[in-house]
Amino acid sequence: MRGMSKTTSENVICTFCASGCDDLEIRHDARDIDSARNGCAISISRFTSVKENRILKPLVRTRRTLRPTTYARAIDRAARILSKAKYPLLYGWSQTSCEAISKGVELAELVGGLIDNTTTSCHGPTILGLQDAGEATCTLGEVRHSADLIIYWGCNPIHSHPHHTTRFTIFSKGRFRKARKERRLIVVDVRRTDTAKLADRFIQVQPNRDYELLTALRTAVNGEELEQDSIAGVPREVIEELADMMVECEFGALFFGLGLTMTAGKHRNAEAALSLVRDLNYATKFVVIPMRGWFNVTGANEVSTWQTGYPFAVDLTQGYPRFNPGDTSAVDALARGEVDAALVVASDPVSHFPKAAVKHLLKIPIVTVEPKRTPTSEASEVVIPSAIIGIEATGTIYRIDGVPLEARKVIDPPAGVRPDVEILDAIIKRTKSLGVRR
Amino acid sequence: MSRIEVTVISGRSLSQAQSRERGKFSDEYARSVAVCELDPDDMNELGAMEGENVRVTTGFGQVIVRAAVSKQAPHRRIAFVPYGAWASMLFDASTHTSGMPTLKGLKAIIERAPEAKVATLQEITNMKAE
Amino acid sequence: MISELLIRNGYVFDPLNGVEGDRMDIAVRNGKVVEKVGRKARLLDASGMTVMPGGVDIHSHIAGSKANCARMMRPEDHSKDPEPRTKYTRSGVGHTIPSVFTTGYRYARMGYTTVFEPATPPLKARHTHEELNDIPIIDKGCFPLFGNNWFVMEYVKQGRIKELAAYVAWMLEATKGYAIKVVNPGGIEAWRWGRNVRGLDDPVPNFDVTPREIVRALCQVNSLLNLPHAVHVHPNCLAEPGNYQTTIDTMECVRDIPTRGHPIMHVTHVQFTGRKGWSWPDVRSGAPEIAEYVNMHDHVSIDLGQLIFTNVTWMTADGPAMFALFKLTKTKWFNADVESETGAGVVAATYKKSNYVNAIQWGIGLELALLVKDPWKIFLTTDHPNGGPFTAYPRVISWLVSKEARQKVIDKINKTAQRRLNLPGIDREYSLHEIATITRAATAKSLGLGSKGHLGVGADADIAIYNIEPSKTNLANEYKAVRKAFARAAFTIKDGRVVVKKGEVVRDVRGRTFWTRPKVSEGAMNTVVNELESKFDDYYTVRMANYPIEEQYLTASQAIATTAEI
């Protein structure tokens, strides 16, 4: 726009995948972004498409059509929907700030609802696994400095976390590992992914058989004999060789993704992976870092845990926190048809949840707080447009490894569009003034 | 033959992530997620052409998507459908008490369906309501 | 808001001002203790009750990354101890690692009004502050960790104490931290490779400095920066069966460093590093030796880390010690190393009376408390939640004031431990005055918090009123009543407002976060900042511009400025 002076903001933190890349340079004026440098392709797309597909006005469904309305009316309708409901679900949270999530917990307690975040369909099983097996982990810099063995299992960082290998693993430079040749990369997956193409060893495992392979590795690592010739499609000699590499390295790092959490076994797979790493610590130094996918899913777990004691799937309907995934988790509660209203913040469950859950979700009133048009916003009763964290609003986020960062505002949001934290605060105030009794 | 049995996995892809940022109602997004990546040998066995539509059916639903030759092969009998509204037509809502639905490792049948159309995002949502 | 309050006729214990149970009034206006108030003041009748300054806890792991990892790992810790929401309070859960709202309320119910989180990894300090911001009622602060930090070790190796001091000043401001914390100096860096250091003179791998050098340098820095608290130290060798000598050597190694009339070093949770012996079946109490050292030297203070026979959660920055102890318990273990700085470990554990080692450890804590003569040198903690939950403080108080209460437990512990402990032979019983000292007056003084821990004019009006009538109560006989009284304060007052009545929270307020801001010369600071800038991207995966925390981040910031001598 003519007359607006342009500037370059440095050390900008990207809010997409949770790698927390914080060396971005964004050229912008007060309202628009010209260019983004240093980020990966997804990051550049995120910054330069910031204005595309935006919801620009609050919307309320009247006579079956979503129509623009005032902010006050949208807040009022949202508050009424949530306070009337007996079993409201407050879902999403992984793509917004900790400050907003904190408001979400407060609102869930106020209306007596279920608060769950995208962990429930992502690394929830990892958390369930660590609740049994613990976790030997570290911040990403430790891997960069020290790791001579890197394993990617059931994840494809070239596609999901494009700068992971350059910032933290095989292409990174650390105090004690300065070159690629000082590290070995093993990739375990069902396909020869683009990440596997970079590996020193690629191990193709049969789908749904990771548990057996992990257990076989644990057996070998603990010095016991394997009896079968091949496990999960992997020959015994290969398993034994992999076990030797793991035991003999100086500092090993296992990164695993949804290939473990989403397949048969789920949390048992995660538990097996976590147990394997724990066992390896008897022989050498080994760490595990699950590949979290959204820029603040870790933050959603952290805030939920320090405020309620539990990381996701928290039921506050009884006036105190209860946790029982499978029962108090979003997909289950929806599929059972018990939820009678939903608040969705920065997420698109209509697109991503299984059909049985979506079928019910589409029958109940949905309040969506979201920057961009999605199938969930299109199916809602109330839609309130929100500012994008790390671009149009400042907020605290947590990286994959639990390092907290302040993702700062770079440009103004479109006129009338507010940060999530403000919107949720307004819903809380309106709900209180309506006199919710629980 | 015009049908094969596979295991379906879903996940992120670069193009899915990039196009998602631009907007879920864009053609670009639909092109990057309403797709099923197959091992080249599986494509041959199915007899499908690159870009031709196929029907993917699991025990929980079915969807028409475009077939594409995978650049991350070999993976015989594994089909990759990126995260998105189309993939989720196939998922198992049962979480086996973990809270986690099954989004990977689903048994599926893929059939050639060159005359069928890929649904739009709105049509997909409507189908989920049925 | 009622701004004037008169607490009438209570038995006041204010050790810092020499008040030992005199019946007197305490007047409060606008959140401070004042000389007197007008006739319209709200009256609070404290007749027949004990009035003390609000409790000041110097060491309790309540907030931050490892506390939250522990909460996440241990849902079983919470499910039996829920806290429903009330008209005044948010809901939450206990037990050993309560959620943040519950933490603040439970402290307030015991009459505590200030608590310090003692081990904060600087890279994750923002997380600590997010949690501290959420903890209601109490004033708080945190101690950032320095003992395994790369910049620290390099400055120590180079002998550049002035630059080290400027770095520490920069870090305290960047992390909004209150004091220098050292945990297993050098050992957590060795843990990078799965190792540990074996003592004060064992060099740190790849850095060629010793724990002794690290500790000494940081104590010198503490003096140069005029920081309000001593260097707060968790010594090496925590997981060794016999480690009391390391504790004494650690205290001894800084004896020659000039102090300003305050202790130069505070050694924390000494119960865990007060064992004598070569192997687990053979451990004894090293409390007499440590107590003798503390009695003879004024440059150190200690706190107990008292053990309670219950289910606990071990959490500490001392990663290698946690793994070593996990291998003994085989429960579940969490580890989180922090790049270039420090680490953390969490293990679920249980202490049993029948277990020989647990029984000895239980005895060590109490022996320390009873053998150290000066209550200004020894503070009551359980190293929450390592020794036990902070809600067990009243139980510890009952053991200190009553030999009979102790004996009841001694009768039930492992028989060999009974024979080998010194505790059964110790008759001393604490007075209320001494209890007030070790739970509030001495801790506030040690922290250098001039407005806390006392009830003189100008003090913050943080006041606890307990249902004990000193003139009519024989503490030793009526220890159960003592325990009950300290568990549920009759009144807790925070900044002049009644927040707890009859042990229940009646008002939710927000406290302040205290941190120190040493003012260092521009020249010294510029030198260090330039050096940091040149190395930061090599050492960290976060840019230097994104590392510091702004003051506005704290909900209610209370900076303590000091003038450094550099």
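Derivation of every value follows stated rules applied to the coordinates shown; laboratory data play no part. Predicted, not measured: the structure shown is a model, and the values here were computed from it. A quick note on method: Cβ atoms are made from the backbone with ideal geometry, for glycine too, and the neighbour counts reach across all protein chains shown.
Data overview
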item: Within-15-Å neighbourhood charge of C:Asn226 [Cβ basis; K, R +1; D, E -1]; result: +2
item: Calculated over the range C:140-216: convex hull of Cα atoms, volume per residue (Å³); result: 87
item: P(r) histogram, all alpha-carbon pairs of chain B included - 10 Å bins from 0, percent; result: 14, 46, 34, 7, 0
item: Surrounding net charge for A:Gly20, when Lys and Arg each add one and Asp and Glu each subtract one, Cβ distance under 12 Å; result: 0
item: Positive-end extreme of charge dipole, chain C - chosen from C:Leu5, C:Asn17, C:Pro205 (charges on Cβ); result: C:Leu5
item: Label-to-label distance, nm, for residues given as C:Glu551 and B:Gln62 (7 Å Cα→Cβ offset); result: 6.8
item: Computed [θ] at 222 nm, deg cm²/dmol, chain C (DSSP H ≥ 4; -39,500 (n - 2.57); rounded to nearest 500); result: -9500 deg cm²/dmol
item: Relative contact order (%) - chain A, alpha-carbon pairs under 8 angstrom, separation at least six; result: 25
item: The range A:299-359, relative contact order [Cα under 8 Å, separation at least 6], %; result: 21
item: C:Ser521, C:Ser340 arranged by Cβ crowding within 10 Å, fewest neighbours leading; result: C:Ser521, C:Ser340
item: Charge dipole (debye, nearest 20) of the range A:104-216; +1 at Cβ of Lys and Arg, -1 at Cβ of Asp and Glu; result: 1120
item: DSSP bridge pairs, the range B:1-126: antiparallel proportion in percent, nearest 5; result: 70
item: Average silhouette area of the range A:1-75, convex hull of alpha-carbon atoms, in square nanometres; result: 7.4
item: Local electrostatic count, C:Lys332, Cβ distance below 15 Å [Lys/Arg +1, Asp/Glu -1]; result: 0
item: Cα-based convex hull volume of chain A per residue, rounded to whole Å³; result: 137
item: Neighbour-count ranking [beta-carbon atoms within 10 angstrom, fewest first] of C:Lys157, A:Lys432; result: A:Lys432, C:Lys157
item: Set of the range C:534-566 residues, backbone N closer than 20 Å to the point 7 Å along the Cα-Cβ line of C:Asn226; result: C:558-566
item: Which listed pairs, of C:Lys32/C:Lys377; A:Lys51/A:Lys103; C:Lys353/C:Lys415; C:Lys140/C:Lys176; C:Lys330/C:Lys412, have C-alpha distances above 18 Å, in listed order; result: C:Lys32/C:Lys377; A:Lys51/A:Lys103; C:Lys330/C:Lys412
item: Charge dipole (debye, nearest 20) of the range B:3-129; +1 at Cβ of Lys and Arg, -1 at Cβ of Asp and Glu; result: 340
item: Inter-part distance where the range C:502-519 and the range A:137-169 are each reduced to a Cα centre, Å; result: 40
item: Relative contact order [Cα under 8 Å, 6+ residues apart], the range C:435-566, whole percent; result: 18
item: Long-range tail of P(r) for the range C:13-52 (Cα pairs > 12 Å, %); result: 65
item: Within the protein assembly as shown, percent of DSSP bridges classed antiparallel, to nearest 5; result: 50
item: Bridge type composition, chain C - antiparallel percent by DSSP, nearest 5; result: 55
item: Euclidean distance of C-alpha centroids, the range A:76-105 and the range C:218-271, integer Å; result: 48
item: Label zone at C:Asp374, where the point sits 7 Å out along the Cα-to-Cβ direction: the range C:411-452 residues whose backbone N lies under 15 Å; result: C:438, C:442-443, C:445-447
item: FRET efficiency estimate (nearest 0.05) - Cβ-Cβ, B:Ser26 to A:Arg63, R0 30 angstrom; result: 0.60
item: Three semi-axes of the equivalent ellipsoid, chain C, Cα gyration tensor, whole Å, largest first; result: 35, 29, 22
item: Net dipole in debye of chain C [+1 Lys, Arg Cβ; -1 Asp, Glu Cβ; about Cα centre; nearest 20]; result: 2100
item: Rounded Å value of the spacing that divides the Cα centres of the range C:351-395 and the range C:91-155; result: 21
item: Extension gain (nm, one decimal) between C:Ser47 and C:Asn17, 0.36 nm per residue minus Cα-Cα; result: 8.7 nm
item: Length gained when the stretch A:Leu226-A:Asp200 is fully extended (0.36 nm per residue, less Cα-Cα span); result: 7.0 nm
item: Cα long-axis angle, helix A:267-280 against chain A (0 to 90 degrees, to the nearest 10); result: 50
item: Residues C:Trp362, C:Trp314, sorted so that the one with the fewest Cβ neighbours within 10 Å comes first; result: C:Trp314, C:Trp362
item: All-pairs alpha carbon distance profile, the protein assembly as shown, 10 Å steps from 0, percent; result: 2, 10, 19, 23, 20, 14, 8, 3, 1, 0
